[in-house]
Number of protein chains: 2
Amino acid sequence: MTPINQLAEPWRSLPERLRARGLRWTPQREAVVSVVAGSDGHLTGAELVERCRSADPRTTPSTVYRTLDALEAMGLVQHGHGADGREEYHVQPAGEHGHRYCAHCGKHWDIDPTSAAGAAIIEAFRPDGFIVDLSHVTIVGRCNGCT
Amino acid sequence: MTPINQLAEPWRSLPERLRARGLRWTPQREAVVSVVAGSDGHLTGAELVERCRSADPRTTPSTVYRTLDALEAMGLVQHGHGADGREEYHVQPAGEHGHRYCAHCGKHWDIDPTSAAGAAIIEAFRPDGFIVDLSHVTIVGRCNGCT
DNA sequence: ATTAATGCAAACGGTTTGCACTACT
DNA sequence: AGTAGTGCAAACCGTTTGCATTAAT
């Protein structure tokens, strides 16, 4: 996909920031990162492995997961868990957000902290002094069209 | 654990209700059910397997999971997913409820639909015509004492 | 030259499946 | 007798690990 140096921040400067931490920038990481950066904001580990493999069949799962760890350490992605319990990675520029799935049709929506619903969830637990991590929130139910 | 016929409804009548559906009541199912009925309202599949094994080491995972399927079909349990993504089974008498975990200390609370927080979540999506299944809701964050 | 990252293969944990056998109805 | 449920073992899927090799610094 798009080479790293054509991407906007925070991706463009990633190689340097990795090096600053004593980590390294490799062709494999570039491949993984370009897929992540070109995603819609969330992917499961398995999805990413698959997309990387179709870009380059030589990609191995371990490299992908290790790269995800590095990206998480850099604060560029954050992991949560989807409706089926898989590891789900949220890409940072999209901001911390949760997910909402229709159990019937599978449709899904983001839950943004600035939306009414997102704010309501955060507020719901504030009286207890509990700070909700919205990126781990998954709401499952039945949507409008699936009644 | 407690034999089935010493339990309250809805467990006591379970054998008959299974039979009414053409399903069967077996010693293995009694063993699993007595553990489920004696639980605090939620267990993961793996937890249940383990508890059954310690009651009777001959228990096999397949039997446990198949029994859970049967119990779910009877509406006695309902599955969701916990903070780590495992299958989590909610025992019915406790009512449909979600869970809330502190990512730091691991403490956990139920989210009851009648509580302010539970209601807030349900209400949050009502404007969209979306019916939240609270038993699938897991809120992760940081609690009061872990600031 | 140092040491982080890779690729492989093998292991993991939780769950599911195929199949011949058992036992509930 | 009929068929649902069992137990075993093996397969599954997504993820993680050990280890010798490669390559970024």
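The values are calculated or read from the model by the stated rules, or taken from the named source; none is laboratory data. This structure is a prediction, so every number in the text was calculated from the model and none was measured. As a convention, Cβ positions derive from the backbone with ideal geometry for all residues, glycine included, and neighbour counts pool all protein chains shown.
Take segment B:1-43 and flag every residue that is touching a helix residue (DSSP H, G or I) at 6+ places or on another chain (Cβ under 7 Å) and among the hydroxyl-bearing types (Ser, Thr, Tyr). B:THR2, B:SER34 - these are the residues of segment B:1-43 that are touching a helix residue (DSSP H, G or I) at 6+ places or on another chain (Cβ under 7 Å) and among the hydroxyl-bearing types (Ser, Thr, Tyr).
Can you pull out every residue in segment B:1-36 that is closer than 26 Å to B:HIS136 by Cβ and modelled with pLDDT under 90? Steps first, answer last, please.
Here is the first cut: in segment B:1-36, the residues closer than 26 Å to B:HIS136 by Cβ are B:9-11, B:14, B:17-18, B:21, B:23, B:29, B:32-33, B:35-36.
Scanning segment B:1-36 gives B:GLU9, B:PRO10, B:TRP11.
Scanning segment A:94-115 for residues that are at pLDDT 85 or above and loosely packed, with under 14 Cβ neighbours inside 10 Å yields a single hit, A:THR114. With respect to the conditions (1) within 15 Å of the chain's Cα centre (by Cα); (2) buried (at least 17 other Cβ atoms within 10 Å of the Cβ), B:ALA31 lacks only one, and its number is (1).
Do we find that A:ARG142 is of a type outside the set (Val, Ile, Thr) and in contact with a strand residue (DSSP E or B) (Cβ under 7 Å, 6 or more places away or on another chain) in this structure?
So A:ARG142 fits the description; yes.
Scanning segment A:16-40 for residues that are in a helix (DSSP H, G or I), of a type in the set (A, V, I, L, M, F, W, C) and free of Cβ contacts under 8 Å to residues at least 24 places away in the same chain yields one hit, A:ALA20. When each of B:ASP69, B:ASP133, B:ASP84 is tested for being within 15 Å of DNA strand D (Cβ to nearest atom), modelled with pLDDT under 90 and out of contact with any helix residue (DSSP H, G or I) (no Cβ under 8 Å at 6 or more places or on another chain), the lone residue that passes is B:ASP84. The set of residues from segment B:1-10 being assigned to a loop (DSSP other than H, G, I, E, B) and free of Cβ contacts under 8 Å to residues at least 60 places away in the same chain comprises B:MET1, B:THR2, B:PRO3, B:LEU7, B:ALA8, B:GLU9.
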